[in-house]
Amino acid sequence: MSIYKKLLTIQQKINGLGKDKATYNYKYVTGDKLLGEIKPMMNDLGLLLKQEVLSIENTRQDYDTKSGRKSEILSKVMMQFTWIDAETGETDVNLFGANGQNDWEKGLGSALTYAERYFLLKYFHIATDEDDIDNDQRKTSAPVEAKQVQATIDIPRLETRLNACNDVAELGKVYKSFTPAEQKAVATLTTELKLKLTK
């Protein structure tokens, strides 16, 4: 089998994954669940996924919380993911960028974790919506409590769109394109970015 036929084999076997973890007001598929599905197939097919960090950009983020002033690090990484067929040496090279914001010692780790998870989800076109008609694994997710039933908000995706803005006008345009719930979820970040862009 060529490397692409092996990768296609993985894609054909995973139609979708139910989101298995909730934090704040959005849900997502964990890396553990994703790798638990993909890694056994990688081992069977003799595929390796080499991950290389090409660049890192760290930006300090200061903001107010109910508990007082907080400082975190926003890490933006550009990565190269290379699929390697251990039997033939064939490769498939892919560039992928991601952001991660966390405490100072965790910002880079958050970005790397986010990059790996979303690279795999997007590379194999894995659906993650529980109500996706093609998601034959959607019923494996734990039931959502009534108080949690709401529109899923992909905070990392919204943050990525906002962080890509180059001026206040663009920031305002992107922010207005969000739903009211999404605007509320990223209000603090929007204020920080506005201050940074007007300096």
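Normalising by the residue count of the stretch 153-199, find the relative contact order in percent from Cα pairs under 8 Å and 6+ residues apart.
Across the stretch 153-199, relative contact order equals 49 percent.
Please go through the stretch 28-97 and write out the trypsin sites (Lys or Arg not before Pro) that DSSP classes as loop and that have at most 10 other C-beta atoms within 10 Å.
Passing both the DSSP loop test and the Cβ count: 66.
In this model, which of 50/106; 13/184; 122/173; 66/122 are farther than 29 Å apart at the alpha-carbon?
Result: 13/184; 66/122 exceed 29 Å.
Obtain the nm distance between the two label points defined at residue 157 and residue 64 by a simple spin-label model: each point lies 7 Å from its Cα along the Cα-to-C-beta direction.
Inter-label distance under the simple model: 3.2 nm.
How much FRET efficiency would the formula 1/(1 + (r/R0)^6) give for residue 197 and residue 4, where r is the Cβ-Cβ distance and R0 is 41 Å, rounded to 0.05?
Efficiency, rounded to the nearest 0.05: 0.45.
Any read-out appearing in this document is the output of simple, stated calculations on the displayed coordinates, not a laboratory observation. Computed from a prediction, not measured in an experiment: that's the story for all the values here. Note: ideal-geometry Cβ built from the backbone for every residue, glycine included; neighbour counts use all protein chains shown.
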